[in-house]
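Scroll down for the structure; my scribbles are underneath it.
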Amino acid sequence: MCFLVKRNRTYHLQVKVPKELTDTLGGSDLSISLGTGSRREAGRLAEVANVRYQLAFRELRVRGINKMNSDQEIDPMKIKKLIRDYVKASLEDFDLMQATGRKGNLGTVDDELDGLDAALDVSREQLTTRRHVDFMGPHLDHQLKVRGVGPIEKDSNQYKMLCYELLKANIRLLEANRETSVGHFQGHDVDSILKDLGLQEQPDTSKPVSAPELPAVKPNTAAEPATIEPPLTAETPAAAGPTMQELIDEFQRQKVESGKWRNTTVRNHHPKLQALLQVLGHSTPVSQITVDMLREYGRILELLPPSFSLKGYKDLGGVSSAELAGKHTKTMDITTRREYLNLARSIFQYALDNEYVKKNPVIAGLIPSKKGNQREQRSPYTPDDLKRIFNPETFDKWVANGGGGKGSPARYWLPRLALWTGSRVEELANLQTADVVEVKANDTGEVLVCLDHNMDNGRRLKNQNSIRTVPLHPEIAGEFAKYAEKMKAKGSQRLFPELTKANGKFSHQFSKSFMGYLRNKVKITDPKKNFHSLRHTATDTLWKAMVQESIIEELTGRAGKTETSRRYAKGYRVETLYREAVLKLDFELA
């Protein structure tokens, strides 16, 4: 049994200890801070934390507790074994839950994914900000008790290392469980996960062991691709400086501490960092990385299929470009490849700035050129496309099926708002009732209904230029104002409360739903057409109407302006946008 308690504006999870374990655990209740004042977020985090406690209770009942030796020391091999056993037990339990259909009280699959995403966000933040001891300490104490190990001084390096390793393992477990929850379930590859964590079974140390493998790549020739050379001999001296894993940990920590990376940035870059580590080697000294090794990395990326980690390439260690050549007809998009290689270049530039390397091995020639003009990467909708998208027979049914069958206002409004305002999907998805404002035009005195895109209440926009006030077209202004008033009367802070955060965005699940509707119901399959094409349709219409470029940029959030000018020139700017741009939008939707 568990329940939430709010203390000093922060939610805590209170868990009832089974009666037979109260003496063991020293009380009938356990409490943990969830670190948030949001009831919705606390619910997600509590679900994950409660699973941890219930697993610990189960293990305590099954295994019992051995008398602990207060002077017991744990050597590194025992630490690895402890973490390895924890990983195996957790995976076995999750696989059992999947096989038997037990998912606790998580609710829908979306709720389950939201809970896992929230747990991943929090866990990665604790790891990158080095708060692993406070975060994992209580859980580690449970694990030590379960396995009859300890106690360990909490100020000792050993305790801190255990917390760090346990948190890394927990993040990898959450990632594995998320993959399973979205339908990629073929049983967890335990060996692969343990290898990712550096916890694979070690060889017998009583026998002679050769020197660590330090992969090097011989120069590429026209006749054959670059290949991995045999490991260095024991006589070859190891290079000084950090390993690739140490470099990336340091680089990531610096980005987070400087405020340049947020939680969503860390999460989005995680697959890129893992791919780089797997190809170059976690333990490879940075000083031994060569241009040819990065050239091979670029070739591998070029030949991998999209979403490669879900298509049999969870671990790129040992994968070569020769092996991939001609294997996949559809390969990674050039924009995605540029992101992977540009991040690698930034990491090695950091290494160069800190004198870990003598030159940056990611030379300019390794990064492919950009695609054509950015406007050509997404296509606007044609008049016929719009009629098909908003056809009442299909559109109304899609709206009614949203919100768990209760109807989804977001499905009804977001496509319309994007088309009539040119706003981005996340800007619309995170709108609050207070963002629907009335502005009096200076020239005519007309009261205009507007969207005030801002960063109030901790929200984020794409950039500072996105802060703006957008007047609504008469086609939707009246109806939308009534909807906003209705949500205010209900006491709702958000305009679309049915949209919950996933992957750090309120629009994440909605965008997937819209794409499903577009491809499967409307039958628009052009890969250049998606939700963002509604924004392109608005801007394309204004271009054709010969609207001044600076006004289009102002309306869509691309103009170079300051928040000060936004606030003090609001009346003039809004009436200009309304008269010179908004009224020139004209769409026939039925």
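Below, the figures for the structure above:
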read-out: Extreme residue, farthest from GLY281 (Cα to Cα), among residues of region 319-352 that are open to solvent by less than 60 Å² (accessible area, probe 1.4 Å) and among the small types (Gly, Ala, Ser); value: SER346
read-out: Condition check for MET332: over 30 Å from THR129 (Cα atoms) and in contact with a strand residue (DSSP E or B) (Cβ under 9 Å, 6 or more places away or on another chain); value: no
read-out: Number of the exception - SER369 against (1) surrounded by 12 or more Cβ atoms within 10 Å (Cβ to Cβ); (2) of a type in the set (Ser, Thr, Tyr); (3) not in a helix (DSSP H, G or I); value: (1)
read-out: Residues of region 483-511 that turn out to be free of Cβ contacts under 8 Å to residues at least 60 places away in the same chain and of a type in the set (A, V, I, L, M, F, W, C), as a count; value: 3
read-out: Some residue of region 448-471 being polar (S, T, N, Q), within 25 Å of ARG519 (Cβ to Cβ) and modelled with pLDDT under 95; value: no
read-out: Matching entry among LYS528, LYS486 (being closer than 18 Å to TYR412 by Cα and either modelled with pLDDT under 90 or part of a helix (DSSP H, G or I) (or both)); value: LYS486
read-out: Some residue of region 526-536 being farther than 18 Å from PHE395 by Cβ, of a type outside the set (Lys, Arg) and without any contact (Cβ under 8 Å) to a residue 60 or more places away in the chain; value: yes
read-out: Complete set of residues in region 272-302 that are open to solvent by 40 Å² or more (accessible area, probe 1.4 Å) and over 19 Å from LEU352 (Cα atoms); value: GLN274, ARG299, GLU302
read-out: Qualifying positions in region 277-311 - assigned to a loop (DSSP other than H, G, I, E, B), touching a Pro at 6+ places or on another chain (Cβ under 9 Å) and within 20 Å of ASP333 (Cα to Cα); value: LYS311
read-out: Boolean, ALA119 is in the same structural domain as LEU82 (by the TED database), open to solvent by less than 10 Å² (accessible area, probe 1.4 Å), of a type outside the set (Val, Ile, Thr) and modelled with pLDDT of 80 or more; value: no
read-out: Residues located in region 150-171, provided they are surrounded by fewer than 16 Cβ atoms within 10 Å (Cβ to Cβ) and of a type in the set (Asp, Glu); value: GLU153, ASP155
read-out: Residue in region 484-492 that is surrounded by 13 or more Cβ atoms within 10 Å (Cβ to Cβ), closer than 27 Å to LEU45 by Cβ and out of contact with any Leu (no Cβ under 7 Å at 6 or more places or on another chain) present; value: yes
read-out: Options LEU310, LEU316; residue that is crowded, with 20+ Cβ neighbours inside 10 Å and over 21 Å from PHE251 (Cα atoms); value: LEU316
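Condition check ((1) free of Cβ contacts under 8 Å to residues at least 12 places away in the same chain; (2) exposed (fewer than 15 other Cβ atoms within 10 Å of the Cβ)) across all residues:
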site	(1), (2)
SER379	no, no
PRO383	no, yes
ASP396	yes, yes
PRO409	no, no
PRO415	no, no
GLU427	no, no
GLU438	no, yes
VAL449	no, no
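The values are calculated or read from the model by the stated rules, or taken from the named source; none is laboratory data. Treat the numbers as computed from the prediction; the structure is a model and nothing was measured. Cβ sites come from the backbone with ideal geometry, for glycine too, and all protein chains shown count toward neighbours. Accessible surface areas use protein heavy atoms only, side chains included; no ligands, DNA or RNA. Shrake-Rupley method; radii C 1.70, N 1.55, O 1.52, S 1.80 Å.
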